[in-house]
Every structure is written in C-alpha cells, then in structure tokens.
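The values are calculated or read from the model by the stated rules, or taken from the named source; none is laboratory data. The structure displayed is predicted, hence computed values, not measured ones. Cβ placement follows ideal geometry from the backbone for every residue including glycine, while neighbour counts extend to all protein chains displayed. These accessible areas exclude ligands, DNA and RNA; they are computed on the full protein's heavy atoms, side chains included. Shrake-Rupley method; radii C 1.70, N 1.55, O 1.52, S 1.80 Å.
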Amino acid sequence: MMRQNLATARLARGRCVPTTHPARAVFGRLLPPSTTSSRWSSSQSESSPQPPPSLPSSPNRSYLLPTHTPTPFPPHSSSSSPQNATTEVLSLAESYLLPVYARPPIVLSHGKGSWVWDTEGRKYLDFSAGIAVNCLGHADDGIAEVLAKQSATLLHASNVYHNLWAAKLAQLLVELTKAEGGLGFPNSALPPPAGTSDPACGPEELEATSTNVKIGTGGAKVFFSNSGTEANEGALKIARKVGKDRWLAKVSASSSSGSPSMSECTKTEIVCFQNAFHGRSLGALSVTPNPKYQAPFAPLLPGVKVGKVNVYEGKDSFGELVGENTCAVIVEPIQGEGGVNPLQVEWVRELRKKCDEVGAVLIFDEVQCGLYRTGSLWAHSTWPVDCHPDIVTMAKPLAGGYPIGAVLMRDNVAETMTAGTHGTTFGGSPLACAVGHHVLSRISSRPFISSVSSTSAHLISRLSLLPKYFPSILEPTIRGRGLILGLGFNEKWRQDGPGKLVGMARERGVLLLTAGKDAVRLVPSLNVGQEEVDLAVDVMESCLIKMEQETE
C-alpha cells in the first residue's frame, strides 16, 4: 500500500510512470537525488531519441583543408623557440615516460560531453571515447558528483573488509543479466520506457517501486578487477581451475587405484582466435595472437592453440583445436582491436556445443563490445541461450572512465573458487564500485538504450553511403553493430588507408581509431548526439575525397 501511495502521489504531481523493470525494482534509489536534474545529460538527452534527420545526396566537401595542424615537435630550433604548454608537456614526456605509445604531438587539457580541447585551444570531436570507455562522455556532472562524494567518504579499504558498493554493483550486473539476457539467461521481453520524455524521470520513481520487492537469489557471481586485462587474466585462471576439477572428477571416477595427483592433469590447454585482443599482461598476451605484440616477449604460456573465427572446417576450425585437454576457449563476440569482426551466431552455437562436449569453459571477452555498446546489455544478450558463455569479462565503460574491470560467471563455474584462490588489492574498491553502480544505473535505463539505438541507426545510415561514394577505397559493407562500427578498406588501401584517414580526420578536428590491419573503428560515447554523428561523417567524407584525389 505504501508503495502504491508513493507512486500515486508522484503521478498526481505530473511526474512519469514508475518503471517495473525487474532488474531495477530491486535496488531502491540507484542515484543521488540530484540525478533528477537534466544537467546530467551531456551530449544528448538520456530520456528520448531524436527524430532521424534526412540523409545527404552527396559527400560533404566542407572539410577538405586541415584546421587542427599541431605545432611541430621537437621544435625546428629548440634553442630559440619559446616553450609553450604543449612543448613543455611533450618534452617532459619524452624525458620521463616509457616510450611505448606512438602519439600525435597534441596534449589534451579538458573535455565536456563528446568534445575535448588541447592545450592550444583547439576543439576536437572525440569519436573514440577513450577507446570505448567514456560511455557518458567527458566531465560528466553525475560521475564527478559521485567521485567527490565517495572519495570524501571512503576511498579504499582493501578486500580484507566488505564495503557498501561492491555487492550492490555485483547485484546490479547479475540482475540486469537475468532480466535482459546473457550467461544462460534468456532475453525476455523488456518493459517499455517510462511514458515520458522528461529527463528527470528515473531515480525517485525507482525508489517508489522498490518497497517490499524480493531481492534475487543470485544465479551468477562477480569478481572485480581494475582493468579488462586483469579481468581476462582472472577468467583464464578460473577456467584453468575448473578444468582441473573436471579432469580430477573424470579420472577419479574411472580409476581403481586411488585419486590421481593434480600435477598429472592434462586439461590445461586454451584456445583463442586470430585477430583477438585480450590484453598485454603475460597470460592475456598469450591469447592475443599478434606477432607484433607477442614476439618480443616469447616464450609465452604453453598449451595455447589459435583458430579463426567463423571457420567451420579445416585446421583453423575449433573442431580441430578444442578437445579433451582444453580447459578454456576465449573469444570476443565482436573483435574490436582486431578489425570490428562480429561472430556468426551459428558458429557460436557450434562452438558452445563443442565446449560442452569436452567440458571446456567458454569465455566471452566483452571488454569493448559489452555494456550496451551494441544496444543490448551484452553483445550476446539477444542470442539464443545455447550460444551463451560460461564467463563474461568486462571493463571499459563500466565506470565511465574510472578504472574498473569485472568477471561475471555462472554459479557452476564460480563454485570452484574458494577463499584464497584469487584476489586483488584495489579491485572492487568503494570508489570504483560507487561510480560503476551510478554509470550502469544510467546507461541501463530504457530511454537511454532507446536513444543509443536511434543514434546507431542514423550513424549506420550515414556510414552506409560511404562505400557507395568511395567504392575504390572502402569495402561495401559496414562492420559491427550498435555503436561499435568499422569501415573496412579495400586491398589496395589496407596498408596505409586506415591510418591516413585517422590522421586526416584529426587534422580536421575529429578523433577516430584504427582497428586491425584494414579498418577504422568508430566507438563514440553512448550519449553522442546526432548532430555530432553528422559532423564526424561529414569530416570523413571530406577526408576520403582528398584521399581519392591524391591517387588520381
């Protein structure tokens, strides 16, 4: 009755209809009271999608000339040139930072929404979002408020003790997965967005629906880390232990001479795939089969086999690689770093079936493609459950730019892990998890997801015109889905084309990324606006016109 009265009172004040989303009713007030302010929308309203604008009839020619040419570094005559903020930082970096990054000679000073500025006052449209991290853009007011409040309350306590936020964020991840699909839970029909376009709709209404709601009983477990690489390392480690447990149970059941020693276990092999990227620490690097990354650090982990995604037969197929000695198979539903290459659902179904046959743990690395980047919670959320993994790893957007990673696993995988089998000093800190809870609560709202879908549809519509305008440069189809998209280059352009387009776009004020050997990657903030989408594509069109002219 109390819950009904609260909801009725809000409706009487002209507020929005209370949501009954099963994954949100559990959590009470997800956000601070001030989240009801529309100031928390950065690039685009989080409440409703914008109407689709009309498409152009020809490529844009407004950005043929560079407008953001950086100051040369090192200066041509360093002894007489005055030291400005940019050259000062670049000089310090050259002297003191490990030179493992090939960076352009610009220094970013601040940002807001989908925009960043350098130390010389130039403004850039950031269509890379910190490599798919800044899901709510730069300098988001809500994130800043949570950071300030929590850092003034409890910054770090280690995992020797519980804190207020780790379990809440784990609960939110699990319950959203159960409601929206993934990790063996089916994708059920989702409730519609609250019947309002008011940006204030959300936190108080969620509070109104939270009274007397039964908290879920689990179904999956979460381990928090500090990055995607650490999440993948944790997943591989957990899968290795599951493999040993399954090997021991199988051998013990068929042995009449007592229990064998774990040192005899042969179920330790891992299968990964070409064009994968799972991280740069030694274990994650071992399943990132790129000679450029691996060769300087060999030998790596033994027992790693490499296949090709979407290949059903032959030596590169998982059928030839996954066997009784396989403890883990790790794959990205959409390969991001490797070229924006989506998996075929039927191929995944057969891979899942093979893993079940041999008792291998199937790991989906959703560090880049997960958490609504494709328009759904997980890239695999909309797939049938017989295509789902045993473990999902995540990181990049989970706290909107604050470092955090996580491993989400089925209960039958988690049961192998006991006190002392894994750990971290910083992972799951109250600060990281408070920010993560805030960010995930916002990006999982129905209006926000609807907005992502409409923006994605418009971006894909614009990008789909580029191969028609520039058939000699670009592949005919756009790679990816949602807001993880790729422009593939034709064979003639593959070696230099992606890097050239990224460089030319940066000189015209738009920041893009390459992907693999043959593509440009577009992973903007999830709240990027349609006008910003149009600007990014307009600049790319002008750059492609210039590239085409240079070959004539």
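Just a few scattered comments:
- Within the stretch 342-378, if we keep just the residues that are over 29 Å from Phe448 (Cα atoms) and in contact (Cβ under 8 Å) with a residue 60 or more places away in the chain, the residue that is most open to solvent (accessible area, probe 1.4 Å) turns out to be Gly359.
- The numbered conditions (1) farther than 25 Å from His380 by Cα; (2) within 25 Å of the chain's Cα centre (by Cα); (3) surrounded by fewer than 23 Cβ atoms within 10 Å (Cβ to Cβ) are all true for Ile478 except (1).
- Elements of type strands (runs of 3 or more DSSP E) contained in the stretch 89-166, each with 2 or more residues being open to solvent by 90 Å² or more (accessible area, probe 1.4 Å) and either out of contact with any helix residue (DSSP H, G or I) (no Cβ under 8 Å at 6 or more places or on another chain) or among the polar types (S, T, N, Q) (or both): 108-112
- All told, Ala295 meets the bar of being open to solvent by 40 Å² or more (accessible area, probe 1.4 Å) and without any contact (Cβ under 8 Å) to a residue 60 or more places away in the chain.
- Residues that are touching a Gly at 6+ places or on another chain (Cβ under 8 Å) and closer than 24 Å to Ser227 by Cα within the stretch 291-321 comprise just one, Leu301.
- Picking from residues in the stretch 509-531 that are open to solvent by 20 Å² or more (accessible area, probe 1.4 Å) and in contact (Cβ under 8 Å) with a residue 40 or more places away in the chain, the one that is nearest to Leu371 (Cα to Cα) is Leu513.
- Restricting attention to the stretch 412-460, the residues that are closer than 28 Å to Ile478 by Cβ, in a loop (DSSP other than H, G, I, E, B) and open to solvent by 20 Å² or more (accessible area, probe 1.4 Å) add up to 1.
- Residue pairs whose Cβ atoms lie under 6 Å apart, separated by 6 or more positions or on different chains, with the first residue in the stretch 91-118 and at positive phi and the second at pLDDT below 95 and surrounded by 15 or more Cβ atoms within 10 Å (Cβ to Cβ), are Gly113/Ser42; Gly113/Ser43.
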